[in-house]
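> Here's a structure for you.
The values are calculated or read from the model by the stated rules, or taken from the named source; none is laboratory data. These numbers were taken from a predicted model, which means no experiment stands behind them. Cβ coordinates were reconstructed from backbone atoms using ideal geometry, including for glycine residues, and neighbour counts include every protein chain displayed.
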Amino acid sequence: MKNEVTIHGKRFEIYLSQEEISKRIQSMGEAIAKDFLNKNLILIGVLNGATVFLSDLIRAIDLPLEIGTIRASSYIGVKSSGNVVVDRKSLPEIRDKHVILVEDIVDTGRTLDELQKVFMQMGAKSIAIATLLHKPEAFEFNYPLNYVGFEIPNKFVVGFGLDYDELGRNLPAIYQIREHEY
Ligand code: 5GP
């Protein structure tokens, strides 16, 4: 695991190691398994960022479950564009199912809020949130997130599914932008 990486000319330094991440995901999976015993469960990952987390999380949940994905985006480069675009054509069937919305990171919470509305309209029995990372300083809503891997400061991170202009998603750890790179 590298201590530092450069993507599109910007430098990032190690923030969370592979070991820390995988331990945390294991315990999130165990908590979810306890809470959703005997329930019709579907985990829905937000593309593209949540795919890496989703694939590890489902293998840490020892329950029968379905998976799905949905496309939504609000970021261009390192800044949130403010507008959330949900691709409604990509929605899985969720009527009467317990949905866990799986995010790589919850920042302002706008993506999440928009997706929760969409799933409610589609007849989900319940909606919970599982996110690997959360930036509480940037969060604009006041409801609790059900399963949070790590709370992190309001700085741009890449790796483990998270990109910087589409690169860096395959890094096995999480890296934070260096102070003077803003
Ligand atoms: P929100 O709608 O909560 O502001 O933003 C959620 C989405 O913004 C995430 O799914 C992710 O794609 C992107 N995002 C937010 N913060 C970061 C960050 O620090 N790094 C990267 N790579 N993406 C981020």
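> In segment 87-116, which residues are in a loop (DSSP other than H, G, I, E, B), more than 11 Å from the ligand (Cβ to nearest atom), on the phi < 0 side of the Ramachandran plot and not aliphatic (A, V, I, L, M)? So that I can check it myself, show each step before the final result.
Looking only at segment 87-116, we keep the residues that are in a loop (DSSP other than H, G, I, E, B), and these are 87, 91-97, 107-109.
Narrowing the set further to residues that are more than 11 Å from the ligand (Cβ to nearest atom) leaves 87, 91-97.
So of that shortlist, the ones also on the phi < 0 side of the Ramachandran plot come out as 87, 91-95, 97.
Matches in segment 87-116: Asp87, Pro92, Glu93, Arg95, Lys97.
> Here is a check on your reading of the model: is Leu162 within 13 Å of the ligand (Cβ to nearest atom), aliphatic (A, V, I, L, M), surrounded by fewer than 20 Cβ atoms within 10 Å (Cβ to Cβ) and under 21 Å from Lys10 (Cβ atoms)? Show your work before the answer.
Numbers: within 13 Å of the ligand (Cβ to nearest atom): yes; aliphatic (A, V, I, L, M): yes; surrounded by fewer than 20 Cβ atoms within 10 Å (Cβ to Cβ): no; under 21 Å from Lys10 (Cβ atoms): yes.
No, not satisfied.
> Check every one of the strands (runs of 3 or more DSSP E) wholly within segment 1-60 and list those with 1 or more residues that are exposed (fewer than 13 other Cβ atoms within 10 Å of the Cβ) and not small (Gly, Ala, Ser).
Values: elements: 4-7, 10-16, 41-47.
Of the strands (runs of 3 or more DSSP E) lying wholly inside segment 1-60, those with at least 1 residues that are exposed (fewer than 13 other Cβ atoms within 10 Å of the Cβ) and not small (Gly, Ala, Ser) span 4-7.
> Does segment 120-128 contain at least one residue that is assigned to a strand (DSSP E or B), at pLDDT 95 or above, closer than 19 Å to Leu57 by Cα and within 13 Å of the ligand (Cβ to nearest atom)?
No; the residues of segment 120-128 include none that is assigned to a strand (DSSP E or B), at pLDDT 95 or above, closer than 19 Å to Leu57 by Cα and within 13 Å of the ligand (Cβ to nearest atom).
> Ok, one more. May I ask you to verify whether Pro144 is more than 17 Å from Ala60 (Cβ to Cβ) and surrounded by fewer than 20 Cβ atoms within 10 Å (Cβ to Cβ)? Explain how you work it out, then say what you get.
On the way: more than 17 Å from Ala60 (Cβ to Cβ): yes; surrounded by fewer than 20 Cβ atoms within 10 Å (Cβ to Cβ): yes.
Yes; evaluated as a whole, the condition is true for this residue.
> Can you say whether Tyr175 is outside any loop (DSSP other than H, G, I, E, B) and farther than 12 Å from Asp107 by Cα, as far as the supplied structure shows?
yes
> Looking only at segment 149-159, how many residues end up being surrounded by fewer than 19 Cβ atoms within 10 Å (Cβ to Cβ) and within 25 Å of Ala60 (Cβ to Cβ)?
Count: 2.
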